[in-house]
Amino acid sequence: MDANEIKVGKVLKGSGRFVVPLYQRQYQWHDSYDGGRTSAFWQDVATKAGDVVNSEHQYEHYMGALLLAPGATKEAFKTTPMKQVVDGQQRLTTFLILLSAIRAVANEHGITEIVQECEKYLFNDPEELDKDKEIVRFKLTPTPVDRIVFFDILDKPLAEVRTKYREEKIYWGVSVPKNTEYRSLRAFEFFITQVEHFVYGDPGNDVEIEVQEVGSLNLGKFIQSNQELISVRLSALLEAMLFHLKLIVIELDEKDDAQVIFETLNSAGQPLLAMDLVRNNIFHRAEAQFNSAETANSTSARLVAEELYEKVWRPFDDAWWRLPAPHSRPRRPRIDHFLAYVLTVETGQRATVRELYTEYRNWAMPKRRPRFENVEDELSILEKHAPVYETLEGRKEDGNFVISELGKRLRLWQNTTAYPIAFQIADCHVDQETRETIAKLVDSYLTRRALCGLTSKNLNRMFPQMVRNFREKGVSTGTLCDFFGQQEENPSTQFPKDNEVHNSILEIGIYGRIRSDVLAEILWNCELASRSNKTEDTARPVNLWVEHIMPISWEEHWPLKNKAEDSVNSNDQRYLQREQSLNLLGNLTIVTAPLNISLKNQPFSEKKEQLVEHSNLTLNRNIANFKYCKEGNKDWDEETIRSRGLALAKLICEIWPRLF
């Protein structure tokens, strides 16, 4: 038996075919069912391809094992070598399906060099004495159940594949349904959707399309983009998959019992987390360190290492750390994300959970030399940051109100990539005023960008840059303001100015664009800021709902009239203006669930009475008291919505200031 780490491209390149034995299962991986294996597979490939696009590639990524046994027939002169796939056939099949999807997208855009490159890894050139050249030419021969559809995916043009299987009623409309028996076809359509999104979207941000109907995004339906950019991104996918992903290839010889080895590899048990590998690495070095002491022996060294484990590491073995981090992407255990944040803080570089163990090992043992004089110093770093992470995640209160509140805000925004900033400001050397100001600015930054409709996709790179700035120049308000000042000309990372916030609130509908719970939180903060020192300190009601003052279905009780008092039709400019005003912040408020149900589509006169009777909120009293209406105007119309929008915009810029 021989085991080696081999890049995927090398596994697939060259003359040779892989045959899945008859006793193996048919193709099972799915994007939603059974653990979402194709989805997780895509995330690994797309993240690595994003690194290639952004020139951030550092490490190869391990994608699992491939167990190969000799073929049923011995190799012969002028025939194509053959290996049986004892384990790893699902993974190997998935690589080839993804290659076919990349080829399909490239073919649609006429990028022949990528099409040809993909085919080098999909097909063999049969040898002179091969008996069944039509089968031998395929790099992989799956089980008979999968064979026809798999060969069609590799061999036929996309349009022909879709036509054939639509006629066989495998598609529902334009998609392959989730409950299909043809999972390889489902995977093919899933990958086409993701590849298209990668090409036209924003690569390298752990982004995956939430596919309800795989196949609903058909080739050629996207807005046409720059051909060179398409080629670059497809090339990045191909490069990442072939040259930056690797497999552990275990090749058996005729004396090895393939079934025993297969059962050992697949025996029941929990998979190792990256942090398990880190722990094993740390305490292996701890025993070696204590064993090298002059008075030590192997028994005492192990006991000292166990004491260190009980003191420092035991809390990390709590089940809470192994649960998926609910607000972080990709979906990984909390402890993996925690370690990635620690590495970002300690190195000033973006760390990814997919290459966590390699990155940690390279940090702790640069050039195979220990960074720390002893393991206790290394563990003290994790010990220092753990309570901060637990506070940010809402598990505990460590007495630091600023960190606790910042954690609530970051969880609300689902932007935990800013956690390393919290680690830095939680340091005991940072004074309280600086801590509060930086936390406020980070919250303001995220809030303003959301209100202005700016993307959050690049923040997973921007926040590590901020961490690096703090490491190099010191944690201070001035350092942060200087950093934000440098982002002014970049829409993907800029800190919106007051006038930009004002314009967005007045012109861009916010309802439906921002999650309802986030919108309710923004309006609740406006409620608190609207109160005077004479206002009762009313606590936040449970389960606040966002309510349209002028309802979405306004025609019955809120009619538009022209000078002749006739109803205005949908082509009228005033009609269009009204439709555009409905989802603006100026037309939204917060009420309790029972009041929301009661208000429905009632006219303003009745809504106003109910707000007076049932709501204690200042926001709603101001609406009912005509605060935003022009003198003499008792209607809630487009002009009133704009007036209230201006007032809220001013309030929001005070609540979430820019400070520079």
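Taking the conditions (1) among the charged types (D, E, K, R); (2) surrounded by 14 or more Cβ atoms within 10 Å (Cβ to Cβ); (3) outside any loop (DSSP other than H, G, I, E, B) in turn, Asp635 satisfies each one other than (3).
Looking at Asp146, is it open to solvent by less than 30 Å² (accessible area, probe 1.4 Å) and either without any contact (Cβ under 8 Å) to a residue 24 or more places away in the chain or at positive phi (or both)? Criteria not met by Asp146.
In region 462-572, counting only helices (runs of 4 or more DSSP H) that sit wholly within it, the ones holding 1 or more residues that are small (Gly, Ala, Ser), touching a residue at least 12 places away in the same chain (Cβ under 8 Å) and under 26 Å from Glu405 (Cα atoms) span 477-485, 516-530. Of all residue pairs spaced 6 or more apart or on separate chains, those with beta-carbon atoms under 8 Å, a first member in region 432-457 that is without any contact (Cβ under 8 Å) to a residue 60 or more places away in the chain and more than 15 Å from Pro491 (Cβ to Cβ) and a second member that is of a type in the set (Ser, Thr, Tyr) and open to solvent by less than 50 Å² (accessible area, probe 1.4 Å) are Thr434/Ser476; Thr434/Thr477; Ile438/Thr477. Per the listing Asn543, Asn571, the residue uniquely surrounded by fewer than 12 Cβ atoms within 10 Å (Cβ to Cβ), modelled with pLDDT of 85 or more and not charged (D, E, K, R) is Asn543. Within region 160-186, the set of residues being small (Gly, Ala, Ser) and either modelled with pLDDT of 95 or more or open to solvent by less than 10 Å² (accessible area, probe 1.4 Å) (or both) comprises Ser175, Ser184.
Listed conditions (1) buried (at least 19 other Cβ atoms within 10 Å of the Cβ); (2) farther than 22 Å from Met241 by Cα; (3) aromatic (Phe, Trp, Tyr) are all met by Trp42, apart from (2). Here Asn362 clears all of (1) over 19 Å from Val312 (Cα atoms); (2) assigned to a loop (DSSP other than H, G, I, E, B) except the condition numbered (2). Apart from one condition, Trp320 fits all of (1) touching a helix residue (DSSP H, G or I) at 6+ places or on another chain (Cβ under 8 Å); (2) part of a helix (DSSP H, G or I); (3) over 18 Å from Leu379 (Cβ atoms); (4) at pLDDT below 85; the exception is (4). Condition check: surrounded by 21 or more Cβ atoms within 10 Å (Cβ to Cβ) and either within 26 Å of Gln494 (Cβ to Cβ) or among the basic types (Lys, Arg) (or both). Does Ile421 satisfy that? Yes; evaluated as a whole, the condition is true for this residue.
Filtered by the rule that a residue be among the acidic types (Asp, Glu) and surrounded by fewer than 16 Cβ atoms within 10 Å (Cβ to Cβ), region 440-481 gives a lone residue, Glu472. Evaluation of Thr640 against the conditions (1) in a helix (DSSP H, G or I); (2) under 18 Å from Glu527 (Cβ atoms) shows that the sole unmet condition is (2). Could you identify the single residue in Glu405, Glu346, Glu383 that is crowded, with 18+ Cβ neighbours inside 10 Å, of a type in the set (Asp, Glu) and in a helix (DSSP H, G or I)? The match here is Glu346.
Evaluate region 58-73: report whether one residue or more is touching an Asp or Glu at 6+ places or on another chain (Cβ under 7 Å), β-branched (Val, Ile, Thr) and at pLDDT below 90. No: zero hits.
The values are calculated or read from the model by the stated rules, or taken from the named source; none is laboratory data. All figures in this text were calculated on a predicted structure; none of them were measured in a lab. For neighbour counting, all protein chains shown are included, and Cβ atoms are generated from backbone atoms with ideal geometry for every residue, glycine included. In case anyone asks, the SASA skips ligands and DNA or RNA and just uses the protein heavy atoms, side chains included. Shrake-Rupley method; radii C 1.70, N 1.55, O 1.52, S 1.80 Å.
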